[in-house]
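Before any comments, here is the structure.
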Ligand code: AGP
């Protein structure tokens, strides 16, 4: 996720900003930049790659000044280039750094272009900067003096009232050289209160070396940060009194947002990043999705006769959920394959085949080679990727980013849920061109919009899941069962457990039990079963009864209100009801937490499990 740091005070800003950027490196980024205001001029340096490269580029350049902002960028709109890196500068006067996504930036850009505004980058952030700059000029025209107190804050407010999306932003303006203005909606910002100096950052990490007194901005708040006490108001221009917190985290804890590990943080990130996966992609009126990156005409979409989904590991399990969605909503046959198998067999793909290659990192060697193979054979190849500008994203040239933000733990969690979200959106977009009704489309969209809130309800059961996991830590084998759309959930639950706890785990389809796996079941082998209130409920319940009859302890993931499920449960976790196709988005979360807590209880290095790498760039 992008990182922000800003400083205003009496010290030289540059060293503080560069150190702050280094402290934010853990968040993952692809470019970095810094802007310092001095003597009525803004000095800016940006560079693709690491902060060290930025520092080298600055070299001996004398960047003086006691006010400045800096940023590490994780690309969302526009490729990884210096032009797209932040801070963006408008007319040499205003500098802006921004985290989040401005949903309506295209409309705003067109509006600004009509006012002869010129853009240097492909980013939504530059559009936001230009909008603020225009509002500043409007205020001047209405009689406010440049540099007047409140003019920058009012310009920011006026711009934000036109914006749809999320932001954590900081701006500085050369005519208001003694203040920074910051605002937040959906993207965190923390102010550090010093003596005659203040700090702002996207999390506490870069501020901790200087002060422990901090205030977290809430959504809809704007802060004017000068040398005195920061003044915070809301979008209605009412002053807000902030309660200061004394943050005594160490740096490492701060980097993880207060969580013990990146994996736990990333599990808890899911409701937030899920919203990013949906943002700007739902068309409620038409009951469909709008995924710009598909680059296919409706005619071409209707000509597709078959879908292939190629991926590895967790991405492939997300693909398996996608299969159910495509078959049900788009009425298209779907094959899901391991990339490593696809590339070495004789896959039957042609111009009527749509091939999705799914990858968090966008660098998985087998998936990349499989994409090339499918392209060579004339299929439409589309990427579903997290890392912007990664090799798979570039080579497929079309497709969709899942907007999960950087995933640092080796075990994939938030990328999985966002991959599933994007696949469901694609299935709906195809379905609405064929047999899926408007009403069904709208129901799917509505159900998707409710998912983040429901994810939060699942996450609230973290303590209960932790207790169960601690209780189970001495088992040597664990089986996972699911049916229908929850079969891939069982597979993913088993993968999570084995990769971070090193406990042997396997996932099975409930109906397959009697065909072999039942022989493994005993009182020494607990069974985790997903028992959602859907069309396969009764069948799944009888599978669970079979394992209980053989003495297995059962952890049941059931639907809220299902009292009957208790009959077959040694332990039970309830998740909210949703549409059947969307159940994996909720049911996977308790299994992620179960794996996490088992691994912690066993003293494993959760974020860096043995023998595994985050990105598998070799065969
Ligand atoms: C997931 O927890 C794993 N670490 C692994 O299976 C991963 O999903 C797989 O290697 C694919 O990676 P990708 O999404 O970056 O292509």
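Taking other Cβ within 10 Å of each residue's Cβ, how do 72, 396 sort, fewest first?
If I rank by nearby Cβ atoms, fewest first, I get 396, 72.
Principal axis extents for region 259-454, Cα atoms only, whole Å, descending order, please.
Reported extents, whole Å, longest axis first: 47, 41, 24.
Ranking 144, 540 by Cβ neighbours within 10 Å, fewest first, what do you get?
By the 10 Å Cβ count, ascending, the order reads 144, 540.
Return the inverse of the average 1/r over all pairs of distinct C-alpha atoms in region 104-185, which is the Kirkwood hydrodynamic radius, in Å to one decimal.
13.0 Å
Given an 8 Å cut-off on Cα distances and at least 6 residues of separation, report the relative contact order of region 259-454 as a percent.
32 percent
Taking neighbour counts of Cβ atoms within 10 Å as a proxy for exposure, in what order, fewest first, do 348, 358, 267 appear?
Taking fewest neighbouring Cβ atoms as first place, the list is 348, 267, 358.
Could you order peptides 492-500, 554-562, 51-59, 184-192 by the average number of other Cβ atoms within 10 Å of their residues, highest first?
Per-residue Cβ counts within 10 Å, averaged per peptide and sorted highest first, yield 492-500, 184-192, 554-562, 51-59.
Taking only C-alpha pairs under 8 Å that are 6+ residues apart, what is the relative contact order of region 461-619 in percent?
It rounds to 29 percent for region 461-619.
For the pair residue 149 and residue 114, how long in nm is the line joining their label points, each one 7 Å along Cα→Cβ?
About 3.8 nm, to one decimal.
Can you bin region 3-255 into rounded, prolate or oblate? Criterion: square roots of the alpha carbon gyration tensor eigenvalues sorted a ≥ b ≥ c, rounded for a/c under 1.5, prolate for a/b above b/c, oblate for the rest.
Since a/c stays below 1.5, the shape of region 3-255 is classed as rounded.
Against the longest alpha carbon principal axis of the chain, how many degrees, from 0 to 90 and to the nearest 10, is the axis of helix 124-141 turned?
On a 0 to 90 degree scale, this one is about 30.
Label the chain by shape, choosing from rounded, prolate and oblate, from the square roots a ≥ b ≥ c of the eigenvalues of the Cα gyration tensor; if a/c is under 1.5 it is rounded, and otherwise prolate applies when a/b is larger than b/c, oblate when it is not.
Verdict is prolate for the chain.
Over region 259-356, what is the percentage of antiparallel beta bridges among all DSSP beta bridges, to the nearest 5?
Taking every DSSP beta bridge with both residues in region 259-356, the antiparallel ones total about 20 percent.
Working from Cα positions, state the angle (0 to 90°, nearest 10) between the long axis of helix 105-114 and the longest principal axis of the chain.
Helix 105-114 sits roughly 30 degrees off the main axis of the chain.
Hey, what angle do you get for helix 151-160 against the long axis of the chain, alpha-carbon based, 0 to 90 degrees rounded to 10?
30 degrees
Please report the relative contact order for the chain, taking Cα pairs under 8 Å with a sequence separation of at least 6, and give it as a percent rounded to a whole number.
11 percent
Taking a ≥ b ≥ c as the square roots of the eigenvalues of the Cα gyration tensor of region 52-94, is the shape rounded (a/c under 1.5), prolate (a/b larger than b/c) or oblate?
oblate
Residues of region 215-230 with the amide nitrogen closer than 16 Å to a label point 7 Å from the Cα of residue 161, along Cα-to-Cβ, please.
Only 220-222 fall inside the zone, counting backbone N under 16 Å.
What length, rounded to one decimal in nm, is gained on full extension from residue 453 through to residue 305, with 0.36 nm per residue of separation minus their alpha-carbon distance?
49.7 nm
With each run of n ≥ 4 DSSP H residues scored as -39500 (n - 2.57), what mean residue ellipticity at 222 nm is computed for the chain after dividing by its residue count and rounding to the nearest 500 deg cm²/dmol?
It lands at -11000 deg cm²/dmol.
Take the alpha-carbon centre of region 456-482, take the same for region 35-112, and report the distance between them in whole Å.
Between the Cα centres of region 456-482 and region 35-112 lies a distance of 44 Å.
Hey, with R₀ at 51 Å, roughly what FRET efficiency would residue 10 and residue 290 work out to, going by the Cβ-Cβ distance, to 0.05?
Once rounded, the FRET efficiency stands at 0.55.
The numbers here are math on the coordinates, done by the rules we state, and not lab data. Keep in mind the model is a prediction, meaning the values are calculated, not measured. Cβ atoms come from the backbone with ideal geometry, glycine included; neighbour counts cover every protein chain shown.
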